Amino acid sequence: MTETGSPADEIREGAHDDGVSELLFRQRTLEKVALVALEAGRILMETGAKSAVVREGVKKVALGLGVKSADIRVGFASISTTVGDGVCSSTHMIGVGHHGVNMRINHRVREICAETGRGGLTADAVEKKLAAATTATPKHHKLLNVFAAGLACAAFGRLLGADAPAFVTTLIASMIGQYIRLLLLERHYNAFVVTATVAFAAAVLSGIGAMAMGSAMIDTSMSAAVLMLVPGVPSMNAQTDIMEGFPTLGSARFVTVAMILVFITLGVGAAHIVLGGGLQDAVKSAPNIAHHAFFGAVAAAGFGVLFNFGYRNLGWAALAGALALAVRTYCMLHGWPLEAASFAAAMAVALVVELSYNTPFPVRRVGNAIAVAGCIPMVPGSAAAQWIIGLLEITVQPLEKSDMMLAATTSAGLQVIFTVGAIGAGLTMVSSTFRRPEFPTRDHED
């Protein structure tokens, strides 16, 4: 005879099964939301966003998809979040790849985060939008990217006092270097190895070309040819993260910036050895405001292409670069040190961008990115190379010369640190004063 449970037992079993099913449904829903939110954060991080933007983007997506709480931790190589609905919670982590800069994808993802935060979208719909943002967002043609890198470096060379032959050789050498860089990165070579390889190739080609064309600025030409490798955006993001209360990520970014500079120096130093060393520049001409403003505009627009700005925003980047170099040059002509002049120029650019919000021609969509691009030509890349090369050369100098070289090298290093710090401080102080939203308040067309 088979025993059967009472009707009350059957009801309890059914209720138990229903309860388990509901908990499983809640858990699966939270997992999906967490993974979609983390995907948004990953794309933001890999396309040049600072820590505060990544955190806010992940939170907007998570809350917009219906969870009641979302705690986020942003690290250099991973992002994690714990989401909850009041009954269940789910914790997940996602890895972060190479930290690059791609402003069109970055701002498209910001739009998706803002739209999701307003509600009405499903997790599957957001996931499809994020996938489309990375695959369908337009980017500049590789040849334009290569030419823009060359033009930006050549303009940098003119800002450093390069003559006409050095300008030409820098343009050609840095174009070849950028092509090699894109080729190696597409094949997923180590980013630091790529940096050293490109720095060596560009510096050697530029040095040989400058000597062949009779340039008096061989060393400047070699240094300028590798400046597309200088991590301007990561260095500013590092300082901004620390100033905004994220010292761990900011410190990790600074370590990466330092490693990149070391590998740039390794490549340039090897190029100097190959070319025989002792490459000295002639006396540089005095700075001129119009000259520096023009080439600052060219350099900023070139980096705008590398950062994948839209075409209509390249003009804004050029204006920001012209303003930054004009203000800095004016201040230096009136006796200001480089660090103070760079601080004033960064504040001026950031202030003009913020004030543009109240004009018929605002740059709301990429305002902060425009300010950063305009300040990139002020990053002392050649001084950074001089700093690390000096440290390497101290070890092979006679004792009676090492003290003098140590003083010059320390001076160059402090100039780099204080100048980059001054630029970052100027940008951050203005943006934190106005407190504009990092995410669009309404949808914009691409």
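Structure notes:
- Distance between modelled label sites at Thr410 and Leu183, nm, 7 Å Cα→Cβ extension: 4.4
- Projected label distance in nm at Leu333 and Ser432, using a 7 Å step from Cα toward the beta-carbon: 3.3
- Between Glu127 and Tyr357, full extension at 0.36 nm per residue minus the direct alpha carbon distance yields a gain of 79.6 nm.
- Remark: C-alpha extents of region 75-198 on the principal axes read 70, 28, 26 Å, sorted largest to smallest.
- Estimated D of the chain in µm² per second, where Rh is the Kirkwood radius over Cα pairs and Stokes-Einstein applies at 20 °C, 1.002 mPa s: 91
- 1.4 Å probe accessible area per residue over region 142-299, in Å²: 41
- Distance (nanometres) between label positions extended 7 Å along Cα→Cβ at Met213 and Asp71: 5.9
- Residues of region 402-423 falling in the label zone of Ser251, defined by backbone nitrogen less than 16 Å from a point 7 Å along Cα to beta-carbon, are absent.
- Förster radius 56 Å - calculated FRET efficiency between Tyr311 and Glu22 (Cβ-Cβ, nearest 0.05): 0.60
- Region 10-149 gives an Rg/Rh value of 1.11, both radii derived from C-alpha positions and Rh following Kirkwood.
- Sequence of Arg312, Arg158, Arg110 when ordered by accessible area, the most exposed leading, probe 1.4 angstrom: Arg312, Arg158, Arg110
- Cα pair distances in region 175-323, grouped into 5 Å bins until the bin that holds the longest one, percent each: 2, 9, 14, 16, 18, 19, 14, 6, 2, 0, 0
- For region 35-85, the spread of Cα positions along each principal axis, largest first, Å: 30, 17, 15
- Whole-number Å³ per residue for the convex hull built on Cα positions in region 75-125: 115
- Each peptide in 210-220, 186-196 gets a packing score, the mean of other Cβ atoms within 10 Å over its residues, and the list from highest to lowest is 210-220, 186-196.
The values are calculated or read from the model by the stated rules, or taken from the named source; none is laboratory data. This is a predicted model, so every value here is computed, not measured. No Cβ is skipped: glycine too gets one built from the backbone with ideal geometry, and neighbour counts run over all protein chains shown. In case anyone asks, the SASA skips ligands and DNA or RNA and just uses the protein heavy atoms, side chains included. Shrake-Rupley method; radii C 1.70, N 1.55, O 1.52, S 1.80 Å.
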